[in-house]
Amino acid sequence: MTPGELLELARAARMVPITAEDREEFGRALVLQGYTPEPAARMAVGEILDNDGALQMLARHRIRYSQEAKAHV
């Protein structure tokens, strides 16, 4: 994949809905990156916007794996 192709994929991506569970997981990731719990919780719940790339990636993983789990039932 070329950088140009990656840029086109990124531009074509649509935002997915963010859930409370996504934000909780994001807060957990912030703690693992070295943030103390209080700032991590504040950032995850109130400061990080729904269009944040890392938060969108978490939501995409949640959606993908929940769909895969349903397909295997």
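The values are calculated or read from the model by the stated rules, or taken from the named source; none is laboratory data. As the structure is a computational prediction, the values presented were derived from the model and not from experiment. All Cβ positions, even for glycine, are placed from backbone atoms using ideal geometry, and neighbour counts span all protein chains on display. Protein only, heavy atoms only, side chains kept; ligands, DNA and RNA dropped before computing areas. Shrake-Rupley method; radii C 1.70, N 1.55, O 1.52, S 1.80 Å.
Note on segment 55-73: among residues that are farther than 11 Å from Glu25 by Cβ and touching a residue at least 24 places away in the same chain (Cβ under 8 Å), the one that is least open to solvent (accessible area, probe 1.4 Å) is Gln56.
Evaluation of Arg23 against the conditions (1) outside any loop (DSSP other than H, G, I, E, B); (2) open to solvent by 70 Å² or more (accessible area, probe 1.4 Å); (3) among the charged types (D, E, K, R) shows that the sole unmet condition is (2).
How about segment 26-54: which of its residues are surrounded by 17 or more Cβ atoms within 10 Å (Cβ to Cβ), touching a Leu at 6+ places or on another chain (Cβ under 8 Å) and either touching a residue at least 60 places away in the same chain (Cβ under 8 Å) or part of a helix (DSSP H, G or I) (or both)? Correct list: Phe26, Ala40, Ala44.
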